[in-house]
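S.K.: The structure's right below; bear with me while I get my questions together.
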Amino acid sequence: MATLQNKIALVTGASKGIGRATAAALAEAGAHVLVHYGRSVQEAESLVAEIQAKGGRANAISADLGTPAGALLLAERVRTVVGSQLDVLVLNAGISKSARMADYTVEDFDSLFATNVRGPFFLVQQLLPILSEGSSIVAISSAVAHTVVGKPGLENPSILAYASTKGALETLVKNWAAILGPSGIRVNAVAPGVIDTDMSNFTKTEAGREVALGMQALKRLGRPEDVADVVAFMASDRSRWITGATIPVDGGSKL
Ligand SMILES: NC(=O)c1ccc[n+]([C@@H]2O[C@H](COP(=O)([O-])OP(=O)(O)OC[C@H]3O[C@@H](n4cnc5c(N)ncnc54)[C@H](OP(=O)(O)O)[C@@H]3O)[C@@H](O)[C@H]2O)c1
């Protein structure tokens, strides 16, 4: 269904994984998609070519969102391509880290917060002038913003710093939704459980796969497309009465 006909969408971190599947789903729904990437230029360009081969519209745009100027640079590049219209913003680019509590460094902490929280914060600030009534912002959070995963223990690796970036992102989503609601702009989060991508490399072992499936009611690994379809719904007018919400997309994790 062409629910995003004549809409323009930016998906950050669209070269791989969940972002890539999301950009493809938005294009399938009729949107002109800006495929943002950091380092994976070939992957981003191949997605643009795939979308164009199906008759869709897409451009690849790069910016390192981990740097202080990254979000500002990306917003500038977006405006150069689209002018003054942006209807959908998907805040997906992110990094994670797993380590024992004692092994985290200040650099680890700062780079997690820079990419996962500061980047989205300033991207919304900078793109606000071209988002208008009816626009939708969707942030990719994580189930770990709400629940502790793995085996807690001082000797065990944990993703506590990453998890707290997603908690911060969801707090921003609520604040953005309240601030931007009167302008007719909706802001929501989608919180995936374990999804089979490069980021979740622990699922590539049988033991890791078992841990993931052990948490879930539905007994298969989540796929990027499982998240992408929900983001496409949240981006479209079909979710017009939802704002400030977090939608779990996790196969029924830790019920
Ligand atoms: N996989 C999961 O199990 C899972 C679960 C819950 C939530 N999530 C969230 O879903 C989102 C996507 O994750 P994924 O699993 O699809 O990860 P992924 O396959 O590792 O892809 C991450 C994407 O983010 C981009 N990115 C990372 N750092 C960047 C930077 N500094 N500047 C610009 N782009 C950057 C990457 O672009 P380049 O490669 O081009 O640099 C890539 O396109 C993340 O926010 C993640 O936290 C994932």
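The values are calculated or read from the model by the stated rules, or taken from the named source; none is laboratory data. Being a predicted model, the structure only gives us computed values, none of them experimental. Ideal geometry is used to build each Cβ from the backbone, glycine not excepted, and the neighbour counts take in all protein chains shown. To get the accessible areas, we keep the full protein, side chains included, count just its heavy atoms, and leave off ligands, DNA and RNA. Shrake-Rupley method; radii C 1.70, N 1.55, O 1.52, S 1.80 Å.
S.K.: Given 0.36 nm per residue, what is the gain on full extension from residue 254 to residue 45 after removing their alpha carbon distance, in nm?
M.R.: 71.5 nm
S.K.: Something else: Sticking with the crude label model, points 7 Å out along Cα→Cβ, report the distance from residue 98 to residue 202 in nm, one decimal please.
M.R.: For residue 98 paired with residue 202, the spin-label model returns 0.4 nm.
S.K.: Under the rule of at least 5 residues apart or a separate chain, name every residue whose amide H is placed under 5 Å from the amide H of residue 222.
M.R.: Close amide H contacts, sequence-distant or interchain: 196.
S.K.: Quick one: net charge around residue 33, please, counting Lys, Arg +1 and Asp, Glu -1 for every other residue with C-beta under 12 Å from its C-beta.
M.R.: Once all neighbours under 12 Å are counted, the net charge is +1.
S.K.: Counting only residues 5 or more places away or on other chains, whose amide H sits under 5 Å from the amide H of residue 189 once H atoms are built in the peptide plane?
M.R.: Sorted by chain and number, the residues that satisfy this are 139, 245, 246, 247.
S.K.: So how tilted is helix 206-215 from the main axis of the chain? Cα-based, degrees 0 to 90, rounded to 10.
M.R.: 80 degrees
S.K.: List the aspartates and glutamates whose alpha-carbon lies under 20 Å from that of residue 254, not counting same-chain residues fewer than 8 positions away?
M.R.: The qualifying aspartates and glutamates are 170, 196, 206, 210, 226.
S.K.: Quick one: grab Rg to one decimal and Dmax as a whole number for region 128-255, Cα atoms only, in Å.
M.R.: Expressed in Å, the Cα Rg and Dmax of region 128-255 come to 16.1, 50.
S.K.: Taking a cut-off of 19 Å between Cα atoms, list the lysines near residue 174, but don't count ones fewer than 8 places away on the same chain.
M.R.: Result set, ordered by chain and number: 166.
S.K.: Okay, moving on. For q = 0.07, 0.18 Å⁻¹, what log10 I(q)/I(0) does the chain give under the Debye formula with an equal point scatterer on each alpha carbon and no solvent?
M.R.: These q points yield log10 I(q)/I(0) values of -0.22, -1.50.
S.K.: Could you run the Karplus curve 6.51 cos²θ - 1.76 cosθ + 1.60 with θ = phi - 60° over region 18-34 and give me ³J(HN,Hα) per residue in whole Hz, x for Gly and Pro?
M.R.: Values per residue, Gly and Pro as x: 5, x, 5, 4, 5, 4, 5, 5, 5, 5, 4, 7, x, 6, 7, 10, 8 Hz.
S.K.: Something else now. For region 19-113, taking Cα atoms only, what is the radius of gyration to one decimal and the Dmax to the nearest whole Å?
M.R.: 15.6, 52
S.K.: If you don't mind, there's one more thing I want to ask. Relative to the longest principal axis of the chain, what angle (0 to 90°, nearest 10) does the C-alpha long axis of helix 224-235 take?
M.R.: Value to nearest ten degrees: 50.
S.K.: Out of 159, 227, 197, whose Cα points farthest toward the positive end of the dipole of region 8-249 (charges: +1 Lys, Arg; -1 Asp, Glu; placed on Cβ)?
M.R.: Farthest towards the positive pole: 227.
S.K.: Less than 14 Å Cβ to Cβ from residue 173, Lys/Arg counted +1 and Asp/Glu -1: what total charge do the surrounding residues give?
M.R.: Details: positive: 166, 174, 186; negative: 170.
Local charge sum for residue 173: +2.
S.K.: Among DSSP beta bridges lying fully in the chain, give the percent that are antiparallel, nearest 5.
M.R.: 5 percent
S.K.: Moving to a separate point now. Per DSSP H run of n ≥ 4, the term is -39500 (n - 2.57); total these for the chain, divide by its residue number, and report the mean residue ellipticity at 222 nm rounded to 500 deg cm²/dmol. Could you put the intermediate results ahead of the total?
M.R.: Values: 8 runs with 98 residues, N = 255.
That calculation yields -12000 deg cm²/dmol at 222 nm.
S.K.: Taking H placed 1.01 Å from N in the peptide plane, check which residues at least 5 places from residue 36 or on another chain put their amide H under 5 Å from its amide H.
M.R.: So residue 36 has HN proximity to 11, 13, 14, 61.
S.K.: Using the alpha-carbon atoms, what tilt in degrees (0 to 90, nearest 10) does helix 70-82 show relative to the longest principal axis of the chain?
M.R.: 30 degrees
S.K.: Now for a different question. Near residue 217, within a Cβ-to-Cβ distance under 12 Å, what is the net charge of the other residues, with Lys and Arg +1 and Asp and Glu -1?
M.R.: +2
S.K.: Placing unit charges on C-beta atoms (Lys and Arg positive, Asp and Glu negative, everything else neutral), compute the dipole magnitude of the chain about its Cα centre in debye, rounded to 20.
M.R.: 340 debye
S.K.: Mind giving me the nanometre distance, one decimal, between the label points for residue 183 and residue 219, set 7 Å out from Cα along Cα→Cβ?
M.R.: So the label points at residue 183 and residue 219 sit 4.9 nm apart.
S.K.: On to the next question. Ordering 229, 87 by how much accessible area each has at a 1.4 Å probe, largest first, what is the list?
M.R.: Descending order: 229, 87.
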